[in-house]
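Asker: Okay, handing you the structure first.
Just so you know, all these numbers are worked out from the coordinates, no wet-lab data involved. Predicted model, so just to flag it, every value in this text is computed and none were measured. Heads up, the Cβs are rebuilt from the backbone with ideal geometry, glycines too, and the neighbour counts pull from every protein chain shown.
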Amino acid sequence: MSEKELKTPLVDELEEGPWPSFVKEIKSLDNPKAKDLLGVLERSYRDKVGHWKHGGLVGVMGYGGGVIGRYNDLPDEFPEVAAFHTLRVNHPAGWFYTSDVLRKLCDVWEEHGSGLTNMHGSTGDIIFLGCSTEELEPTFKKLTELGFDLGGSGSCLRTPSCCNGMARCEWACYDTMALTYDLTMEYQDELHRPPFPYKFKFKMAGCANDCVASIARADMSIIGTWKDEIRIDADAVKEYAEAGDLDILVDVVSRCPTKCMSWDGQELLIDDADCVKCMHCINAMPKALAPGKDRGATILVGSKAPIIGGALLSSVMVPFLKMEPPYEDLKELVDALWELWGEHGKNRERIGEFIQRIGLGNFLDQIGLDPTPEMIAQPRANPYIFYELDDEDEYEDDED
Amino acid sequence: MSTNLKKRVTDIGPPHYEQFLPPIIKENYGKWKYHYFMRAGVMVHVGESGDQLYTVRAASPRLCSVHTIRFFADLADEFCDGYLRFTSRNNVEFLLSDESKVEPLIERLAKEGFPVGGFGNSISNPVHTQGWIHCHSAASDASGVVKALMDDLFEYFAEPKLPAKLRLAFACCLNMCGAVHCSDIAILGVHRRIPEINNETIRAQCEIPTTVASCPTGAIRPTTVNGTKSVEVIEEQCMFCANCYTVCPSMTLNDPEMDGLSIWVGGKVSNARTEPKFSKLAIPYIPNNPPRWPEVVEAVRNIVEVYAAGAQKFERLGEWIERIGWPKFFELTGIEFTKYHIDDFSHAGETFKRSLHFRQ
């Protein structure tokens, strides 16, 4: 297809309009791969069906993850994209870059691949979109020379990712970027060589606003919180009141989920014992209110998208944990989870589904965590209890 | 083969983030005091030290060529000593310590077609999947629908004029790469016909027992076709999840006439005020209509406008619906309520209304 000028009237319509155009991005490359990609897309727009085939096993030597194999079903018409694999490149925590390192990444990718990227993919990786099978190994070599490595895919640990935390947010209750880097380095083997029944994701969020959607898509969601009092700057509260953009009674106090605040027009009071750390009042008045100083994180487990047993949000496993290096308690928990799920999880069963199958109570027994009421929205309402009669002696002992 | 055979290294992990942080961030790391919005697309962080960091956020098309990334790098050199970052929603952010450079940077970005916005009560860059650009299981294109949507909803990116933030997400099949199931508005590609079994290739490509076991409703049974082992699908039990296709490439669901999009509303991941929640079905099916999917754009704009007109300050879309009730949501938006809106998967009964708490 590359020898004659390709007509793409349908996708060309997406060059217009105020939003940045991905079609312009593809066209700007002016290389044979990009031209054929545009051709394939035009065909999809005409046929209303995709033209990509199921993966196939491709990768770099010694790794079981990091490359997503992709082939086209029209290889005769579009030979340049017949094999058009994805490389997941593990991003630096927080997605910070210098212009210098970005240019070097671009040079590698222009030389060895299509020149198309996602900045970034859903998991967080830098996505190099469109690599031939032969170029995978040379691209990987250049990346490691630059100090980069591949991310996870398949039944690997997926590339851990996080919000920008303490780097640029006053609400970060622990150092999300430091923990992300630490876990990524600690679990390099799990990241590159699939050891699990299915994928496992860590997402680090510095506060309950959860800017990385940790609670919706991480097998382990580590979300910052605090135990002591919200810090109040009374002068700044007055500033907000006087500025008039915010009605403190209506917009802040009445929106508190536990009604633990009051405002008499002069003084803002918070009954912190009743506060659930939801972040609303702090979001509304960032200059006046701030999280307390006794900070850590809540550890939740098990969220996922629908495939296969239905979507789940993560649920509380540890209500509060200090998040300081070397994160021994956290890693002990991770090891316990992986050991149990790794041994008893079914093929393609995420840990959240596994917990539902065996029961959260049994799961806690197995990993050696005591049940606490913070783990549930409510106790069971049905009387179908699997009493463990073997434990009767223990119960009697307790009564002595 | 290169003659310069350096030792092959593996398992080095990503570079340490610290080397990419601008000096102002290193100095104020963990010591930021508060932030405010200077104008649309510009957030200012103030440190305990008094330092001010100006973040200018611009949209990217997610699918970026190396030329565009180099353009961002050039801007970073010119305006902020070479430091920039990307967000979890594919925006690019320039990190300035010099306030006087904010407006000139915004002008340059605008001139090259990269508008600023997305902070505060706005629609930020939609997260989305690969779609027909690169995915084998896509029921629609992702980049195209998002481009068409954001061309139309552009004003809500450029100006924070909604009652609260509105998070838009797109996934091109039920695998939902990214967290679209907890978005204010999610657009989801759906298949609607049972897998087509290729009896020629299934023996070579698929393990029959794994394929049978992959079905969450037990709709797949082993069978023999012309003396060859294959599978059959019980049509009434198939809910088009495509999990079988993921484990067995010989069971394709893609179909030009039957595939399309569904729209889901009211999800959130933040804990602010109310607990995180899933998005719920608003529109079960809209046919694919490339290149600009006008029916989808119109449906999303309608939901955004009805929400914007009715919600109170700080109410996310799902919180607004919880206050007014689902019957009112369907009435105000004019969206038809059908039997497809009623859950019939596991634990569906929990979604039935079992009280008189609704408006007559």
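Asker: Over all residues in A:38-48, what is the mean tally of Cβ atoms on other chains that come within 10 Å of each residue's Cβ?
Answerer: Partner Cβ neighbours, averaged per residue: 5.
Asker: Report relative contact order for chain B in percent, whole number only (criteria: Cα-Cα under 8 Å, sequence separation at least 6).
Answerer: Rounded, it is 12 percent for chain B.
Asker: Place the peptides B:294-303, A:22-31 in order of packing, highest mean first, counting for every residue the other Cβ atoms within 10 Å and averaging per peptide.
Answerer: A:22-31, B:294-303
Asker: Quick check: convex hull over the Cα atoms of chain B, volume per residue in Å³, rounded to an integer?
Answerer: 206 Å³
Asker: Take chain B, connect every pair of alpha-carbon atoms lying under 10 Å apart with a spring to form a Gaussian network, then pick out the residue of B:His134, B:His35, B:His347 with the largest mean-square fluctuation.
Answerer: Fluctuation is largest for B:His347.
Asker: For every other residue with a beta carbon closer than 10 angstrom to the beta carbon of A:Tyr327, add +1 if it is Lys or Arg and -1 if Asp or Glu, then tell me the sum.
Answerer: That sum, taken over residues with Cβ under 10 Å, equals -4.
Asker: Right, here's the next one. Using Cα springs under 10 Å in a Gaussian network model of chain B, which residue among B:Cys206, B:Cys241, B:Cys64 shows the largest mean-square fluctuation?
Answerer: Result: B:Cys64 has the largest fluctuation of those listed.
Asker: Still on this structure, please answer the following. What is the average number of partner chain Cβ atoms found within 10 Å of a Cβ in B:51-64?
Answerer: Mean partner-chain Cβ count within 10 Å for B:51-64: 4.
Asker: On to the next question. Please compute one quarter of the surface area of the Cα convex hull for the stretch A:233-290 and express it in square nanometres.
Answerer: Projected area, direction-averaged: 3.4 nm².
Asker: Count charges around A:Ile127 for me, please; just the other residues with Cβ under 11 Å from its Cβ, Lys/Arg as +1, Asp/Glu as -1.
Answerer: +1
Asker: Angle between the Cα long axis of helix A:136-145 and the longest principal axis of chain A, 0 to 90 degrees, nearest 10?
Answerer: The helix A:136-145 is inclined about 60 degrees to chain A.
Asker: Once both labels are modelled 7 Å past Cα along the beta-carbon direction, what's the A:Ile358-A:Thr133 spacing in nm?
Answerer: The answer from the label model is 3.9 nm.
Asker: With the cut-off at 26 Å, tell me which of the pairs A:Lys203/B:Lys33; A:Lys7/B:Lys147; B:Lys101/B:Lys313 have Cα atoms farther apart than that.
Answerer: Pairs exceeding the cut-off: B:Lys101/B:Lys313.
Asker: In whole percent, what relative contact order does chain A give with Cα contacts below 8 Å and a gap of six or more residues?
Answerer: Reported as a whole number, the value is 11 percent.
Asker: Using the reciprocal of the averaged 1/r over all distinct C-alpha pairs, how large is the Kirkwood radius of the stretch A:4-145 in Å?
Answerer: 16.1 Å
Asker: For a quick check: with amide H placed at 1.01 Å from N, whose amide H comes under 5 Å from A:Met119's, ignoring anything fewer than 5 positions away on the same chain?
Answerer: Here B:Cys64 satisfy the definition.
Asker: Here is a further query. What are the radius of gyration and Dmax of the protein assembly as shown, computed over its Cα atoms and given in Å?
Answerer: For the protein assembly as shown, the Cα-based Rg and Dmax read 25.7, 90 Å.
Asker: If I take every Cα pair under 8 Å that is 6 or more residues apart in the stretch A:4-145, average their sequence separation and divide by the length, what percent do I get for the relative contact order?
Answerer: Here the relative contact order equals 19 percent.
Asker: While we're on this one: Taking the alpha-carbon centroid of each part, what is the distance from the stretch B:226-301 to the stretch A:232-269 in angstrom?
Answerer: Value for the Cα centre distance between the two parts: 44 Å.
Asker: Okay, moving on. Mind listing the lone cysteines of chain A, meaning no other Cys beta-carbon sits under 4.7 Å from theirs?
Answerer: So, A:Cys106, A:Cys131, A:Cys156, A:Cys162, A:Cys169, A:Cys173, A:Cys207, A:Cys256, A:Cys260, A:Cys275, A:Cys278, A:Cys281.
Asker: Could you tell me how many degrees, from 0 to 90 and to the nearest 10, lie between the Cα long axis of helix B:294-310 and the main elongation axis, the longest principal axis, of the Cα atoms of chain B?
Answerer: So the inclination is approximately 60 degrees.
Asker: For chain A, what mean projected area does the convex hull of the alpha carbons give, in nm²?
Answerer: If you wrap the Cα atoms of chain A in a convex hull and average its projections, you get 26.8 nm².
Asker: Another question about this same structure. Working from Cα positions, state the angle (0 to 90°, nearest 10) between the long axis of helix B:102-111 and the longest principal axis of chain B.
Answerer: Approximately 50 degrees, to the nearest 10.
Asker: State, to one decimal in nm, how far the label point of B:Thr338 lies from the label point of B:Met38, with both points 7 Å from Cα in the Cβ direction.
Answerer: Here the modelled spin labels are 5.0 nm apart.
Asker: Per-residue mean of other chain beta-carbon atoms within 10 angstrom of the beta-carbon, peptide A:75-85?
Answerer: 0
Asker: Something else about it: Across the stretch B:1-96, what fraction of all alpha-carbon pairs, as a whole percent, falls in each successive 5 Å bin from zero upward?
Answerer: Per 5 Å bin, starting at zero, the Cα-Cα P(r) for the stretch B:1-96 comes out as 3, 11, 17, 19, 17, 12, 9, 5, 3, 2, 2, 0 percent.
Asker: If I build a Gaussian network model for chain B, linking alpha-carbon pairs within less than 10 angstrom, which residue out of B:Ser279, B:Ser270, B:Ser140 has the largest mean-square fluctuation?
Answerer: In the Gaussian network model the winner is B:Ser270.
Asker: Using the alpha carbons of the stretch A:204-255, what is the convex hull volume per residue in cubic angstrom, as a whole number?
Answerer: Roughly 119 Å³ of hull volume per residue.
Asker: Karplus couplings for the stretch B:55-60 from phi (6.51 cos²θ - 1.76 cosθ + 1.60, θ = phi - 60°), rounded to Hz, Gly and Pro as x?
Answerer: With coefficients 6.51, -1.76 and 1.60, one gets 9, 9, 9, 10, 6, 10 Hz.
Asker: Could you work out the pair-distance distribution P(r) of the stretch A:262-384 from its alpha-carbon pairs, with 10 angstrom bin width and percents rounded to whole numbers?
Answerer: Spelled out bin by bin, the stretch A:262-384 gives 10, 33, 29, 19, 8, 2, 0 percent.
Asker: Determine, for each peptide in A:353-360, B:46-53, the mean count of other beta carbons within 10 angstrom over its residues, then list the peptides with the highest first.
Answerer: Result, highest mean first: A:353-360, B:46-53.
Asker: Another question, if that's okay. How big is the equivalent ellipsoid of the stretch A:68-222 along its three axes, where each semi-axis is √(5λ) from the Cα gyration tensor, reported in whole Å from largest to smallest?
Answerer: 29, 18, 14
Asker: Ranked highest first by the average count of other Cβ atoms within 10 Å around their residues, in what order do B:8-16, A:240-248 fall?
Answerer: B:8-16, A:240-248
Asker: What list of ³J(HN,Hα) couplings, whole Hz, do you get for the stretch A:226-240 from phi and the Karplus terms 6.51, -1.76, 1.60, once you set θ to phi - 60° and write x for glycine and proline?
Answerer: 9, 10, 8, 8, 4, 7, 10, 9, 4, 5, 5, 4, 4, 4, 4
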